[in-house]
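Here it is, the structure, as structure tokens.
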Amino acid sequence: MSVYGVQGEERTRYTKAESKQIRTRSLRLLGSLLRPLKARLWLTALAVVVSSAAQAAGPALIAYGIDSGIPALLAQDWFPVAFAGLAYLLSGLAGAFLISIYIRSSARISQAVLIDLRTRVFLHTQKLSLEFHESYTSGRIISRQTSDLDAIRELLDEGLTLLVRGVTYMVFMAGALIIFDPPSALVLLVALVPLGILTRWFQVRSQALFRRSRVASAKLIVQFVETMTGIRAVQAFRKERRNERVFGDLVEDYRDVNAGVLRLFAVFNPGLALIGNTAVAVVLLLGAFRVVDGALGVGVLLAAVMYTKRFFDPMEDMAMFYNGYQSASSALEKISGVLEEEPSVPDPVQPVDLWTADGHVRFDGVEFAYTADRVILPRFDLDLPAGQTVALVGSTGAGKSTLAKLIARFYDPSDGAVTLDGVDLRDLHPKDLRRAIVMVTQEAYLFSGTVADNIALGRPDAPFDEIVRAAKAVGAHEFIESLPNGYDTDVNKRGGRVSAGQRQLISFARAFLANPAVLILDEATSSLDIPSERLVQEGLTKLLADRTAVIIAHRLSTVSIADRVLVMEHGRIVEDGTPDDLIGGTGRFAALHAAWRDSLV
Amino acid sequence: MRLGTVRALWRLRPYVGRALPAFIASMVASLSAMLIALVIPQVLEQIVDGPLADGDASAIWPLTLLVFGLGVLEAVLYAVRRILVIGPGTRVEARMRNALYAKLQDLPVSFHDRWPSGQLLSRAVSDLGLIRRWLSFGFVLLVVNVIVIVVGAAVLISMNWLLGLIFLVCSLPLWWAGYRFEGRYSEMTRLSQDQSGDLATAVEESVHGIRVLKAFGRGKHALGTFRARAERLRSTEIEKARLDANIWVWIMVVPAVATALCLVVAVWLAANGQLSVGQVVAFFATAAAVAWPIESVGFLLAFALDARTATDRFFDIMDEPNRVGDPERPVSVERPRGELAFNDVHFRYQDSPDRFGDLLDGVDLVLEPGETMALVGLTGSGKTTMTALATRLYDVTGGSVTLDGVDVRALTREELRRHIAMAFEDATLFSASVRENVLLGRPELAGDDPGTRAEAQRVLEEALRIAQAGFAYDLPDGVDTTVGEEGMSLSGGQRQRLALARAVAAAPAVLVLDDPLSALDVATEERVEAELRQVLATTTALIVAHRPSTVALADRVALLEDGRITRVGTHSELMRESEHYRFVLSSLEEERRDREAADPHEPRPHDDGASAEPVLDGTQEEVAS
């Protein structure tokens, strides 16, 4: 099994080679994100190093003040103590100033990385074909772009700062200790052994817990969101009690994992304190004997104790960093997988412009198959002259939508070519393609914003009166006017209180406004009531007069406005002719039509 | 404000419940640990002024061992403090989370219309997490640190009043800066949360609306929205970093100034013999121990404010009155005959502007037991709303809906919804197997014993057959395939058939179907109808219909017009008698045929006799006259 792209993403175990492959890919991504920020990275690193050095000077200055300042002052010499005080103040100011530079600068870096990554993922998911979206599911794509990016944001915002500052701080504390009192540094060196063991224990345990925690919280969120978005069905089918049990179990799972994580910290943090306090006691013991022997000043002893104690301070933060790091790195692995996916419907390398399209669509030896043994549309030729209105008829799964999606270039043919005015769709400039060919689907999705905004999506620069004209043309004007704020009514999430039929009307108006040379309607009127459909059809008769149209409809009423009917079965076009010819004949369409007419009564 | 905050947080008391002693014990442990940290410098002083000054090496051991012992004790208390609150803290969080979820499921659909699920989610996850952290750490540390500061201040001043005073006075600005900072910072945090919510919405829409974006080539447009929101978020985050950077300057500069001053004064005092070297050492060690509690007070106060906000957000929901609740003394209808009646029903949506009348403005309609009634009306006339009133997804704003003569508000919702099952226009499937989705309305069939399982299987197969959802068997894992948001994506028609199967499988006394066949092709629709007729023969049903073919399932048709039922009758009666009904239900095709019929010279392309039904004749007469 491959781990290319998003494959194997849900697996919890990988072979060595696979995890290496995944790691390389996410590191490469990270590198490409950081490369443009090199200069700033250096500046930031410099700020944190100098700032830590300034902080490390503190205890040493206190030691100097005590050991040299007191005897000097006894001799009325103010210089050493004044120097120590001033130096302490200046090093504090310098450290503070540099830290503030560091915080701002690292925020700029992390925000630059985030916005770059966000945009890349966004653009890439938009580029990926519908086929990918359908198999990968919207839930996963959304969590890549939201919760996974959040994990990375958290690491960049907090974790990285903790790590960089923590590590440099510890290095400088240890360094200062080595300079001022090497024997004490030796004690610290010995303390590193239990510290290493404790940290390793924490790392291993938290890794396992962490994985569980991600799974538990994801499940909790899915259950929650699904309940709230499907609340009608939940209540109508009395799912509340059952949901409460399921949710209760998930909450308990999540609680259990959380408690596990907290227990880990409840051992790790006091463990750090224990090691730190022990080290301090030992440094104190050894130092005290040396002071008695006269080999060490009291001030230096105090400095050594303080350095030893401070050395352990950032360790807790580093544990926090490690947690953040784990979630961010697995998020980055998944994101890099999505970015690795090649769009199966790529933009042309050398796009051909087509300023004005006539709308002549041809299929030349086209075949469409998901895999070699799953052929959806066997090889066929089809010529749709400009301006023709074609109805596509056939039962569910006959391949009507696939054929329509080939024209809209939602898919590319596995073999052969689809052309518009003689230009292969694969070579056509995407802008021209989308201006010339528009597809309206059954799921009339509305974006948040006003009704007018949603219609304007068909042509963002359209003036308001053209939006109204489009709405009037499809018969949507009346109901829009009756909404609380007319065209300015906010269609809240998922279309809010706009009914399915009204959503379809709005998306029709959108298509009307776009004014394409080729219009594809895939079950675009299924939820309309008959008067609305009638209005739409009247609008369509006018709209379709001078453009190419492909109409898929279960309701054969649409056929009445078609110049030509194609009947499809098992991916093949089995009948092709004018509606009247076909109805008059004895073929499938005649039978379908008769059955449909019966259904009208 | 302070009192308000205390009172606001006090509302958490019932959820904390028996965990309170644990929190208090944790506080005690924490306080002891901190006091030990204050004792250690005193021992240091003893060492410096005792053995180190005297050169008495033998006295070093016991005192250092004391430091070591105190250090161990501190670490142990530190662990105790944490361990004590793990169970109670997480349990409080879990209890609140479950309570919130239960409350949200109980609240009516009208509440959910107003609240986007993202808003609810942030309350259920991050707000409750914040409250737990505050209870376990913020609250505990706030109390403990204040005590430590008081004790520490007393110790410092008792060691040397001048030094102590310098240190404390110098630290005061930190409290102020920290408090002010957190106020601004949490403002920015909330702003950035809102903005990342907006960004998430842009992402969600770009994914859910991918077909539209691709069809119109509006990827750029969507990217524009997305980029604008991402940029807004970025500038907020950078502003946050600026605030953060400023507070760090305070946090580092104030102690530096205080320590530098103290250092000079301490050395001067020591040189004058007013202070021993050991006391100087002890002073700096104590000051270091008190420094963190002082730094943290500002943050901890602000943390309390954040916890208060989160608590408010939690109680926003918990305090929401449920206007569609269960009655105090519910009535029960053991075996409903299935008579569903709408009596002078009025309904308007809560946010409907005053200039509009009631959406349902006096609906009267009676469905006899076993009868199938089609509900016909224009888009937006209130048909779907009417179906929602029967199961109390909304409550009427006037009049009543009755089941067997009993007001639906007198039954428990649980019982009512057992009697009445629904299929919605936009079919919601849950992330569960096909089996679970279809058997949703039959919780009693979830058992594991063979009898129940066989029955469940039978009901499932029957429902799938009736809804013509046989495709389910061909899914990768058959009827055990997970569908819904997290599973296989199904087409609109497939989802609709599963939703229909679900309503049928519930075997209710009353079926309410909202345009259940709209996404089906003609052939499938015909097969579904044939099967559905058997079910409808014995079940009362209200079916929202847009098509004559759906109407054909019904015994009678009710016409909804201007908020009232204006006509009830058979399809042919209404076709004959009601102009509005003809307007709503006759298609272009028919009109054209009518025109053709009115003009006998126009040759009819398909004169096969199939159209010579009496109904059509009636229509023709009507048009001709």
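The values are calculated or read from the model by the stated rules, or taken from the named source; none is laboratory data. Since the structure is predicted, the reported quantities are computational estimates derived from the model, not experimental observations. Neighbour counts run over all protein chains shown; Cβ positions are idealised from the backbone, glycine included. These accessible areas exclude ligands, DNA and RNA; they are computed on the full protein's heavy atoms, side chains included. Shrake-Rupley method; radii C 1.70, N 1.55, O 1.52, S 1.80 Å.
When the helices in the protein assembly as shown are scored as -39500 (n - 2.57) per DSSP H run of 4 or longer and the sum is shared across all residues, what 222 nm value do you end up with, to the nearest 500 deg cm²/dmol?
Using -39500 (n - 2.57) per qualifying helix, the result is -20500 deg cm²/dmol.
Something else about it: Sort A:W78, B:W10 by accessible area with a 1.4 Å probe, largest first. Don't skip to the end; give the middle numbers.
Numbers: A:W78 115, B:W10 165 Å².
Most to least solvent-accessible, the answer reads B:W10, A:W78.
Taking amide H positions as placed 1.01 Å from N in the peptide plane, with prolines and chain starts having none, which residues 5 or more places from B:L490, or on another chain, fall under 5 Å of its amide H?
Excluding prolines and chain starts, which carry no amide H, the hits are B:G484.
Considering the convex hull of the alpha carbon atoms of the protein assembly as shown, report its projected area averaged over all viewing directions, in nm², one decimal. If you can, show how the numbers build up before the last one.
On the way: hull surface 210.5 nm².
Taking a quarter of the hull surface, the average projection is 52.6 nm².
Using a 1.4 angstrom probe on heavy atoms only, work out the carbon and sulfur share of the accessible area of the protein assembly as shown in %.
57
By DSSP, what percent of the beta bridges with both residues in chain A are antiparallel, rounded to the nearest 5?
For chain A, the DSSP antiparallel bridge percentage is about 55.
What residues of the stretch A:514-548 lie in the reach of a label at A:V352, counting those whose backbone N is under 18 Å from a point 7 Å from the Cα along Cα→Cβ?
Within reach of a label on A:V352, which here means backbone N under 18 Å from a point 7 Å along Cα→Cβ, the stretch A:514-548 contributes A:517-518.
Please give the residues of the stretch A:341-368, grouped as numeric ranges, whose backbone N is less than 16 Å from a label point set 7 Å along the Cα-to-Cβ vector of A:K431.
A:347-357
Scan around A:R238 for amide H atoms under 5 Å from its own, H built in the peptide plane at 1.01 Å from N, and keep only partners 5 or more places away or cross-chain.
Close amide H contacts, sequence-distant or interchain: none at all.
Could you work out the relative contact order of chain A? I mean the mean sequence separation of Cα pairs under 8 Å and 6+ apart, divided by the number of residues, in percent.
14
Further question: Mind listing the phi-derived Karplus ³J(HN,Hα) values for the stretch B:29-43, rounded to whole Hz, using 6.51, -1.76 and 1.60 with θ = phi - 60°, and x for any glycine or proline?
Per residue, the Karplus-derived 3J(HN,Hα) values read 4, 5, 4, 4, 4, 5, 5, 4, 4, 7, 6, 3, x, 5, 5 Hz.
Under a 1.4 Å probe, what is the accessible area of chain B per residue, stated in Å²? Each step should come with its number before you reach the end.
Details: 25070 Å² over 625 residues.
Here the per-residue accessible area is 40 Å².
Give me the angle, in degrees from 0 to 90, between the Cα long axis of helix B:614-624 and the longest principal axis of the Cα atoms of chain B, rounded to the nearest 10.
With rounding to tens, the tilt is 90 degrees.
At 1.4 Å probe size, put A:S327, A:S414 in order of accessible surface, largest to smallest.
Working: A:S327 20, A:S414 65 Å².
Most to least solvent-accessible, the answer reads A:S414, A:S327.
Also, quick follow-up: Evaluate Rg over Rh across chain A, taking Cα atoms for both radii and Kirkwood's formula for Rh.
1.16
Of A:K219/A:K334; A:K472/B:K383; A:K20/A:K309; A:K542/B:K214; A:K400/A:K431, which ones are farther than 27 Å apart at the Cα?
Values: A:K219/A:K334 18 Å; A:K472/B:K383 24 Å; A:K20/A:K309 39 Å; A:K542/B:K214 25 Å; A:K400/A:K431 25 Å.
Among A:K219/A:K334; A:K472/B:K383; A:K20/A:K309; A:K542/B:K214; A:K400/A:K431, the Cα-Cα distance tops 27 Å for A:K20/A:K309.
First obtain the Kirkwood hydrodynamic radius of chain B from its Cα pairs, then insert it into the Stokes-Einstein equation at 4 °C and 1.567 mPa s, and state the resulting D in µm² per second as a whole number.
It comes out at roughly 42 µm²/s.
Let me ask something else about it. Keeping every protein chain in place, order B:Y349, B:Y394, A:Y64 by accessible area at 1.4 Å, biggest value first, i.e. largest first.
From most exposed to least exposed: A:Y64, B:Y349, B:Y394.
Using θ = phi - 60° and the Karplus form 6.51 cos²θ - 1.76 cosθ + 1.60, what ³J(HN,Hα) does each residue of the stretch A:402-419 get, whole Hz, x for Gly and Pro?
Running phi through 6.51 cos²θ - 1.76 cosθ + 1.60 with θ = phi - 60° gives 4, 4, 5, 5, 5, 5, 7, 6, 6, 10, 9, x, 6, 8, x, 8, 9, 10 Hz.
Also, quick follow-up: Hey, can you grab everything whose amide H is under 5 Å from the amide H of B:G399? Only 5+ residues off in sequence or another chain; H modelled, so Pro and N-termini drop out.
Under 5 Å from the amide H of B:G399: B:H346.
Could you tell me what percent of the DSSP beta bridges with both partners in the stretch A:361-599 are antiparallel, to the nearest 5? Mind dumping the intermediate values first?
Working: 20 of 37 bridges.
Restricted to the stretch A:361-599, the bridges split so that about 55 percent are antiparallel.
For a test of the definition: using alpha carbon positions, the gyration tensor, and the 1.5 limit on a/c, classify the stretch B:222-327 as rounded, prolate or oblate. Could you put the intermediate results ahead of the total?
Values: a/c = 7.20, a/b = 2.03, b/c = 3.54.
Oblate, because a/c is 1.5 or more while a/b does not exceed b/c.
Mind checking the full-extension length gain between B:E461 and B:D344? Use 0.36 nm per residue of separation minus the Cα-Cα distance, one decimal, nm.
Using 0.36 nm per residue and subtracting the Cα-Cα distance, I get 38.1 nm.
Now a separate question. How high is the relative contact order of chain B? Use alpha-carbon pairs under 8 Å, at least six apart in sequence, and give a whole percent.
In percent, rounded to a whole number, it is 14.
If I fit a long axis through the Cα atoms of helix B:60-106 and take the longest principal axis of the Cα atoms of chain B, what angle between them do I get, 0 to 90°, rounded to 10?
The two axes meet at around 20 degrees.
Taking a probe of 1.4 Å, how large is the accessible area per residue of chain A, in Å²? Let's see the in-between values first.
On the way: 24370 Å² over 601 residues.
So chain A comes to 41 Å² accessible per residue, rounded to a whole number.
Then there is this: Report the accessible surface area buried between chains B and A, summing both sides, using a 1.4 Å probe on protein heavy atoms only, in Å² rounded to the nearest 100.
Using a 1.4 Å probe on protein heavy atoms, the buried area is about 15100 Å².
For a paramagnetic label modelled at 7 Å from the Cα of A:D576 toward its Cβ, which residues of the stretch A:373-390 fall within the zone defined by backbone nitrogen distances under 20 Å?
Within reach of a label on A:D576, which here means backbone N under 20 Å from a point 7 Å along Cα→Cβ, the stretch A:373-390 contributes A:376-390.
Taking θ as phi - 60°, what are the ³J(HN,Hα) couplings along the stretch B:345-359 by the Karplus curve (6.51, -1.76, 1.60), each to the nearest whole Hz, with x for Gly and Pro?
Going residue by residue, I get 6, 10, 8, 9, 6, 4, 9, 5, x, 4, 5, 9, x, 5, 5 Hz, with x marking Gly and Pro.
What's the FRET efficiency of B:D477 with B:D354 using the Cβ-Cβ distance as r and R₀ = 45 Å, to the nearest 0.05? Numbers along the way, then the final one.
Details: r = 53 Å, r/R0 = 1.19.
FRET efficiency, B:D477 to B:D354: 0.25.
To the nearest 10 square angstrom, what accessible area does B:Y15 show with a 1.4 Å probe?
40
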